[in-house]
Structure formats: structure tokens, C-alpha cells
Amino acid sequence: AKGNGSATITATSGTASGTATISVQQTTASVAIAPNPADTLHFIGAQATFTAQALDANGNVIAGKTANWASQQPQIVSIDPSTGVATAAANGNAIIRAAIDQSTAAITVPVWQAIATVTVTPPSFPLAATDTVQVSASAMDAGNQAVVRPISWSWQSSNPAVSVTVNPADNSKATVTRSGPGAATITATAESKTGTSTAN
């Protein structure tokens, strides 16, 4: 068989002949999802489109079949049941399933917010002699959503006379203390992204 449909087979011997009609109809034996493996979604709201093909027992594609999509963890990744468009909702891993006829396939879609921007609060502040000021850092992803997974922060001051002491319980926070004159740029760094504040 080369394709779905009907064919008439004729056998002839001398003056005698006979015919038979043979019907070919592929049935779904398995489902293939693409892309597989799935790319990581790097911000909340990021989307990816998946496609699914029905395969027969010999691995041949069956044309004209459509998949029904579902997510086992819609709180992490939701998916449109008819279009296969997935949307990131939270950090983690979600299992996405495609069903065609009685066959299903599944892949894991990871979500891991990448840091796009870093902000230090307050952006600037006066710092008199022996004063201390609390500063904090926050990160946003490319969709302008707060990065809520664990982040390791480091802090630096451009002026040795203005020190930065990291909060040991929460390294997104630090205390800035003046011991000498001069302004200082306070820099918070996480995963190669930086944000600054100015102590005057």
C-alpha cells in the first residue's frame, strides 16, 4: 500500500478475469510532537507553538489528523487545546500531552525566568557621615514580570569610604554605611545583570 483509498485489482488468465476491491485506511499507532525536546520558556507570558503528527504502525505520517492538547500543570504552562500554543505562567516543568484518536504523546516544557533587568531601590539617596541606608534589589524578566525564583545577589561600592553590608538572611538587601567623603555607586549583580543606586 502506498496511500489511503481504494484500488481495484484485476487478474486475467486467458479469456478469464476477475476483480477485487482493496481498501487501505491508515490507523493511528503513535503521535509525534515537535519541537521535541521543548525549548525553555524564559519569561512569564512567553509562548511556544507545538505541532503533532499521527503516525501509522510503520512510522508513516497520516495526513488530515488534528490533535487535542492539554497540560498536566496549567498553573505552570497552559496550552490552547486546538492550536497547540503554550504560554508560560510560572517557573517549573509542565507535561504537555497531544491526543490523536486513541494515541497520545507527551513532552516536558520547562519554564525558567531569565533576568532581563535589575533595579536597586532607592535609585539615589543622601548619605551623611556615619549614616546607614537600607537598599534592595529586584529583578524583572523580559515580559516585565518579577523574577520569583531564588536569586543569588552580590553587592559592590565604587567608593571604599562607603561600605555595603549584605543582609545574611536575604542577600537581595544590603546596608550602606559612610565612613569617609565622596559619592558612591552601589551595584547589585545577579547572573551578569546589574542595577545601580547612587549614594551622595
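Rolling a 1.4 Å probe over the heavy atoms of the protein chains gives the chain an accessible area of 56 Å² per residue.
Judged by the gyration tensor of its Cα atoms, with axes a ≥ b ≥ c, the chain is prolate; a/c meets the 1.5 cut and a/b is the larger of a/b and b/c. A Förster distance of 30 Å, applied to the separation of the beta-carbon atoms of residue 66 and residue 108, puts the FRET efficiency at 0.85.
Rounded to 0.05, the FRET efficiency of the residue 17 and residue 57 pair, given R0 = 41 Å and the Cβ-Cβ distance, is 0.80. If both residues of a DSSP beta bridge must be in the chain, then about 95% of such bridges are antiparallel. Highest-first packing order for the peptide set 67-75, 145-153 is 67-75, 145-153, based on the mean count of other beta carbon atoms within 10 Å. Using R0 = 45 Å, the C-beta based FRET efficiency linking residue 95 and residue 125 works out to 0.45.
In a reduced charge model with +1 at each Lys and Arg Cβ and -1 at each Asp and Glu Cβ, the chain shows a dipole moment near 60 debye about its Cα centre.
Using C-alpha pairs under 8 Å with a sequence gap of at least 6, the mean separation divided by the residue count of the chain gives a relative contact order of 16 percent.
Could you work out what % of the accessible surface of the chain is carbon and sulfur, using a 1.4 angstrom probe and leaving DNA, RNA and ligands out of the count?
C and S fraction of accessible area: 52 percent.
Our analysis of segment 78-194 gives Rg over Rh at 1.24, with the two radii drawn from alpha carbon positions and Rh computed by the Kirkwood formula. Extending 7 Å from the Cα toward the beta-carbon at both residue 158 and residue 191 defines two label points whose distance is 2.6 nm.
The values are calculated or read from the model by the stated rules, or taken from the named source; none is laboratory data. Small disclaimer: the values here were computed from a predicted structure and weren't measured. Reconstructed Cβ throughout: ideal geometry from the backbone, glycine too, with neighbour counts over all protein chains shown. Note: areas computed on protein heavy atoms with side chains; ligands, DNA, RNA excluded. Shrake-Rupley method; radii C 1.70, N 1.55, O 1.52, S 1.80 Å.
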